[in-house]
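Some notes on the structure that comes next.
The values are calculated or read from the model by the stated rules, or taken from the named source; none is laboratory data. Only a predicted model underlies this, so the values are computations on that prediction, with no experimental measurement involved. Using ideal geometry, Cβ is built from the backbone for each residue, glycine included, and neighbour counts are taken over all protein chains shown.
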Amino acid sequence: MLKVRFRRSAKREMFELDDETFLRVARAILDLQEDPRPRGHDKVAGREDQCRIWAGREHRVLYEIDEKAGRVIIVGVRRKDESTYKEGNRRSNTSGFRGQVKGTGRRG
């Protein structure tokens, strides 16, 4: 089982979601621990290190797989539109990890 890590920006994006969407996305992310390449996953064009999965009809989870370190890195949780994959949304530094996902509880 892989560990799940979040970039800070992805955490912010998660907490901006409404409750129903948050739970749907959290379930999809937790499923990545067991199978980081689920049926229906896609590579992000032009970024061979990133994959994406649908989390519901309108949201995508962008992530990277670091098999050597045994972790899935959540890069972003975005509503599907033109800006989802623009170059400005990509960060190459992976040092901003703070915690492991331990359930679907929300802050506060």
Of the conditions (1) more than 24 Å from D35 (Cβ to Cβ); (2) modelled with pLDDT of 80 or more, H59 fails just one. Which one is it?
(1)
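Just checking, does segment 6-27 include any residue being aliphatic (A, V, I, L, M), crowded, with 18+ Cβ neighbours inside 10 Å, touching a residue at least 60 places away in the same chain (Cβ under 8 Å) and assigned to a loop (DSSP other than H, G, I, E, B)?
So far as segment 6-27 goes, yes, one or more of its residues are aliphatic (A, V, I, L, M), crowded, with 18+ Cβ neighbours inside 10 Å, touching a residue at least 60 places away in the same chain (Cβ under 8 Å) and assigned to a loop (DSSP other than H, G, I, E, B).
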Cβ-Cβ distance below 9 Å, separation of 6 or more or different chains: which pairs start in segment 38-67 with a residue that is without any contact (Cβ under 8 Å) to a residue 60 or more places away in the chain and buried (at least 20 other Cβ atoms within 10 Å of the Cβ) and end on one that is assigned to a strand (DSSP E or B) and acidic (D, E)?
C51/D42; C51/E64; R52/D42; I53/D42
